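What follows is a set of notes on a single structure, which appears directly below.
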């Protein structure tokens, strides 16, 4: 039983680390997109509204 709990904890930690990497990648992509976008565009407003709602 102890080995199962340890394995589950390790798998959970691995999954959380992979989610953190995905978030970092998406954050970088969003930053690059926003840097090249007109801040008054409809796309920029949509992104801002999505970020506010989360």
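Among all residue pairs at least 6 apart or on different chains, which show Cβ distances below 7 Å where the first residue, located in region 3-18, is in contact (Cβ under 8 Å) with a residue 60 or more places away in the chain and the second is surrounded by 10 or more Cβ atoms within 10 Å (Cβ to Cβ) and part of a helix (DSSP H, G or I)?
Cβ pairs passing all conditions: none.
Quick check: anything in region 10-27 modelled with pLDDT under 95, surrounded by 10 or more Cβ atoms within 10 Å (Cβ to Cβ) and assigned to a helix (DSSP H, G or I)?
Looking through region 10-27, at least one residue is modelled with pLDDT under 95, surrounded by 10 or more Cβ atoms within 10 Å (Cβ to Cβ) and assigned to a helix (DSSP H, G or I).
The values are calculated or read from the model by the stated rules, or taken from the named source; none is laboratory data. Since this is a predicted model, take the numbers as computed values, not measurements. When we count neighbours, we look across all protein chains shown, and the Cβ atoms used for this are built from the backbone with ideal geometry, even at glycine.
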